[in-house]
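The values are calculated or read from the model by the stated rules, or taken from the named source; none is laboratory data. These numbers come from a predicted model, not from an experiment. Methodologically, a virtual Cβ is constructed for each residue, glycine included, from the backbone with ideal geometry; neighbour enumeration extends over all protein chains shown.
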Amino acid sequence: MKDRNDNQVLDILMDAKEAATEIWWKFFDWLAVVSWTNLVIVSLIAMAIGGALGMGNVMPPLVFSSLMIKSLAGGKRRAEIAASAAATRADVEALERRLLEAEMAALQAQIEPHFLFNTLALIGQLIETDPSQAALVHGHLIKYLRSALPQIRQPGGGKLGQQMEMSRAYLNIMQARMQERLSYHIELASELEHYTFPSMMIQTLVENSIKHGLEPKTAGGHIKVIARKIADQLQVEVSDNGMGFNMNADDGIGLSNIRERLKVLYGNKAQLVIEAPPAGGAQVSIFVPLGTKP
């Protein structure tokens, strides 16, 4: 019975020690980050309360000790706390970036072979029926790959002009497949060509326009890709006059991926805007800070 009581006392003492240790470190961390002005105010209030409670002899040494601790060790502890918080944020951001880049790479791995096989099959067919057209499609495929491969290796971002050229090459290939069912217009001012823009996003929007907007439509349609400088933002708009966009439906893998990447790269400074024009079709715009590199 006595041993059990002793054990209970030891448990209570251990719990009290852990609680006191936790309180001490919380108090120490508070000392490290609180301003001197606030510390002086809190100290005066504590001394006044202590005097009213009959603890006038206890509070001055405690206040003096707190001031000394902050003076001697507060700066170092504050730096440690800031460094730890920064390291945690950096680790989280790096993990999010790696995750999103892995998701994008997986998405590209699903899309690219399908597109490449279809294009190579088209070239093989044209070699027999229209050799000159086969040579043109072959040239467009080379331009597409030259633009696409660097972006796949560096998914963070690339030059806007390069990404527009990639979409142009892709649309030329799709035009050879769809013939008169597809026309397009790309508008990019020369002063915008060298701005950084997140990789593969424009291409994803163009592919969505083809797949969901124009291919299901018997008559096909027209795609416009326009880059604009609006105040301190860069806007790239992809629109079509195809089947339209169901505003009540989920974004789908491609658009969801774009939203998440924009959030990680720019926080609330970038956005993806989806609209259904009154005349029909779909219009999707990406807004990013002008001149900010991902």
- Any residue in the range 266-281 that's closer than 21 Å to GLY244 by Cβ: show its pairings with residues that are assigned to a loop (DSSP other than H, G, I, E, B) and of a type in the set (Gly, Ala, Ser) at Cβ separation under 7 Å, as long as the two are six or more apart or on different chains. ALA276/GLY244; GLY280/GLY244; GLY281/GLY242; GLY281/GLY244
- Message: Anything in the range 225-242 that is touching a helix residue (DSSP H, G or I) at 6+ places or on another chain (Cβ under 8 Å) and among the acidic types (Asp, Glu)? List them, or say none.
- Response: ASP240
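Pull up the range 270-294, narrow it to residues that are within 19 Å of SER199 (Cβ to Cβ) and exposed (fewer than 14 other Cβ atoms within 10 Å of the Cβ), then point me to the one that is modelled with the highest pLDDT.
Here is the first cut: in the range 270-294, the ones within 19 Å of SER199 (Cβ to Cβ) are 270-272, 284-294.
Subset that is exposed (fewer than 14 other Cβ atoms within 10 Å of the Cβ): 291, 293.
On the way: GLY291: 71, LYS293: 46.
Restricting to residues being within 19 Å of SER199 (Cβ to Cβ) and exposed (fewer than 14 other Cβ atoms within 10 Å of the Cβ), the top hit is GLY291.
Could you look through the range 176-220, keep only residues that are charged (D, E, K, R) and not in a loop (DSSP other than H, G, I, E, B), and pick out the one that is surrounded by the most Cβ atoms within 10 Å (Cβ to Cβ)? Before you say what the answer is, go through the steps one by one.
Of the residues in the range 176-220, the ones charged (D, E, K, R) are 177, 180-181, 187, 191, 193, 207, 211, 215, 217.
Remaining after also requiring not in a loop (DSSP other than H, G, I, E, B): 177, 180-181, 187, 191, 207, 211.
Values: ARG177: 16, GLU180: 8, ARG181: 15, GLU187: 12, GLU191: 8, GLU207: 18, LYS211: 14.
Per the stated criteria, the residue is GLU207.
Might you check whether a residue that is at pLDDT below 85, more than 16 Å from the chain's Cα centre (by Cα) and of a type in the set (A, V, I, L, M, F, W, C) occurs anywhere in the range 232-242?
The first filter runs over the range 232-242 and keeps only residues at pLDDT below 85, leaving none.
Within the range 232-242, not a single residue is at pLDDT below 85, more than 16 Å from the chain's Cα centre (by Cα) and of a type in the set (A, V, I, L, M, F, W, C).
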